[in-house]
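Okay, so here's the structure we're looking at.
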Amino acid sequence: MTARTSQILLIISAFVTGLVVFSGVFLYATGNFGAAGTGSSAIGGPFKLIDQSGNSITDADIKGRPYLVFFGYTHCPDVCPTTLFDVSEVLRALGKDADRAGALFVTVDPERDTPAVMKDYLSSFDPHLRGATGDRPSIDAVEKAYRVYAKKVPTNNVDYNMDHTALVYLMDKQGRFVAPFNLKRRPEEAAADLKRYL
């Protein structure tokens, strides 16, 4: 075996190994690892929270239409407002079909994000956006159900930020996870994609 052949085999081997590792990580993150053939996803599930108007909201309330679900917090300096603006633009692009879809913003910072704070914050975005908060155990449970990472990061003696997963989850009419929803495209293109699940 020549040195060149050895190099080619080494490159191919590294590529295949990388592909296998990537596939395993992707399947685990989307909840499909070890669930082949079941058609089920390990992302999502039962929850009971409180919306920005102080009303109870459960997983049953978002069934019957496709939903975009995003986890964040109102003190977020950049990712959260940008994402919520982009989701608002998709809902706007849906036109009258926006009433047949939905979007849920779940806080990872319930200590600061009371229903009143959420209501004030969401008033800057599309009215179809619904906020959700609750006590810490309820938020921990929904974070676990959606496989969301969230951690408090102190910025000084009294304040803090939250590191958190920044995916937008597309859920179908049955409340099942479909895929991460891509907002890095024109709102009209994203809206056309969402319409497929109406």
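The values are calculated or read from the model by the stated rules, or taken from the named source; none is laboratory data. Everything numeric in this text was worked out from a predicted model, so none of it was measured. Here the Cβ is made from the backbone with ideal geometry for all residues, glycine too, and neighbour counts use every protein chain on show.
For the stretch 104-141, name all the residues that are under 27 Å from S88 (Cβ atoms), acidic (D, E) and either out of contact with any strand residue (DSSP E or B) (no Cβ under 6 Å at 6 or more places or on another chain) or part of a strand (DSSP E or B) (or both). Scanning the stretch 104-141 gives E111, D120, D126. Residues that are at pLDDT 95 or above, of a type in the set (S, T, N, Q) and under 20 Å from K144 (Cβ atoms) do occur in the stretch 93-107.
Only residues that are in a loop (DSSP other than H, G, I, E, B) and either over 13 Å from Y73 (Cβ atoms) or more than 15 Å from the chain's Cα centre (by Cα) (or both) were counted across the stretch 142-198, and they come to 23.
The criterion of being crowded, with 18+ Cβ neighbours inside 10 Å, in the same structural domain as C80 (by TED's automatic domain parsing) and farther than 30 Å from D193 by Cα does not hold for G102. Looking at V158, V178, which one is in contact with a strand residue (DSSP E or B) (Cβ under 6 Å, 6 or more places away or on another chain), over 19 Å from L84 (Cβ atoms) and either of a type in the set (V, I, T) or not assigned by TED's automatic domain parsing to the domain that holds D59 (or both)? Result: V178 is the single residue among V158, V178 that is in contact with a strand residue (DSSP E or B) (Cβ under 6 Å, 6 or more places away or on another chain), over 19 Å from L84 (Cβ atoms) and either of a type in the set (V, I, T) or not assigned by TED's automatic domain parsing to the domain that holds D59 (or both). Within the stretch 107-135, residues that are under 15 Å from C76 (Cα atoms) and without any contact (Cβ under 8 Å) to a residue 60 or more places away in the chain have Cβ atoms under 6 Å from residues that are among the β-branched types (V, I, T) and buried (at least 22 other Cβ atoms within 10 Å of the Cβ) in these pairs: T107/T133; P110/T133; P110/I139; D113/T107; D113/T133, counting only partners at least 6 apart in sequence or on another chain. Over 17 Å from the mean Cα position of the chain (by Cα), within 25 Å of G54 (Cα to Cα) and at pLDDT 95 or above, is that true of T114? Spelling it out, T114 is indeed over 17 Å from the mean Cα position of the chain (by Cα), within 25 Å of G54 (Cα to Cα) and at pLDDT 95 or above. Of the residues making up the stretch 84-99, those that are of a type outside the set (D, E), over 17 Å from the mean Cα position of the chain (by Cα) and surrounded by fewer than 16 Cβ atoms within 10 Å (Cβ to Cβ) are R92, G95, K96.
One residue stands out among those in the stretch 140-149 that are closer than 12 Å to P46 by Cα and either touching a residue at least 60 places away in the same chain (Cβ under 8 Å) or among the hydroxyl-bearing types (S, T, Y) (or both): the one that is surrounded by the most Cβ atoms within 10 Å (Cβ to Cβ), which is V142.
Every test in (1) in a helix (DSSP H, G or I); (2) of a type outside the set (D, E, K, R); (3) buried (at least 18 other Cβ atoms within 10 Å of the Cβ) is passed by P81 save one, and that test is (3).
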